[in-house]
Structures are given as structure tokens and as C-alpha cells.
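The next block holds one structure in the form of C-alpha cells; read it before the comments.
The values are calculated or read from the model by the stated rules, or taken from the named source; none is laboratory data. Everything quoted here is computed from the prediction, not taken from an experiment. Here the Cβ is made from the backbone with ideal geometry for all residues, glycine too, and neighbour counts use every protein chain on show. Please note that ligands, DNA and RNA were not included when accessible areas were found on the heavy atoms of the full protein model with its side chains. Shrake-Rupley method; radii C 1.70, N 1.55, O 1.52, S 1.80 Å.
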Amino acid sequence: MDPYTTAPGRSRWRRGVYAAGLVIPFTASQLWALLVLLRLAPLDGLVGQAFVLILLGSVVAIWVAWRWTWQLGRDRRPEPTPKTRIPT
């Protein structure tokens, strides 16, 4: 264990938790909407093509939201290098 490292900040943890609190209901609502469409809509012709576009858009939206949550929760600033002590 390096004695020069600092403890992680609590704000980083809070940002990640708050972001996850937003993204989890968003993901659940996206999946619910896709399941409703899959159950009710006939998937032939233009409706099937529209469903594929909606599915791809939902996958991209969910991926971007979780990536945003991950970036908010991780530490962006690199740790400063420890000062070297000159033996005297």
C-alpha cells in the first residue's frame, strides 16, 4: 500500500449513485416499453422495420446512459505523483 495516496472523495461516490438512481428507472422503462411493443404489435412489414429501429435506438440510449453513469462515478483526476525525498 502506497503511503502517499489520498482517500477517494465522497463526492465521486455520490455522483455515481445519483446517476445510477436516474439510469436504473430509465432502463426499466425502456425495457418495459420494448416488451409492450413486442407483445402487442404485429412484426411484419413496416411495423417490423420500425420496431428494429426502436430497438436499436433503445439499446444505444441505454448504453449511453450507463456509460454516463460510469464516467460520473469514476475518478477523473489522476493522482499526483508522490514527492521523492532526497536522503540527507
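Using per-residue counts of other Cβ atoms within 10 Å, averaged over each peptide, order 36-47, 51-62 from highest down. Before the final figure, lay out each step's value.
Values: 36-47: 9.9, 51-62: 12.7.
The peptides rank, most packed first, as 51-62, 36-47.
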- prompt: Using a 1.4 Å probe, how large is the accessible area of Trp68, given in Å² and rounded to the nearest 10?
  reply: 110 Å²
Rounded accessible area per residue of segment 17-64, 1.4 Å, Å²: 74 Å²
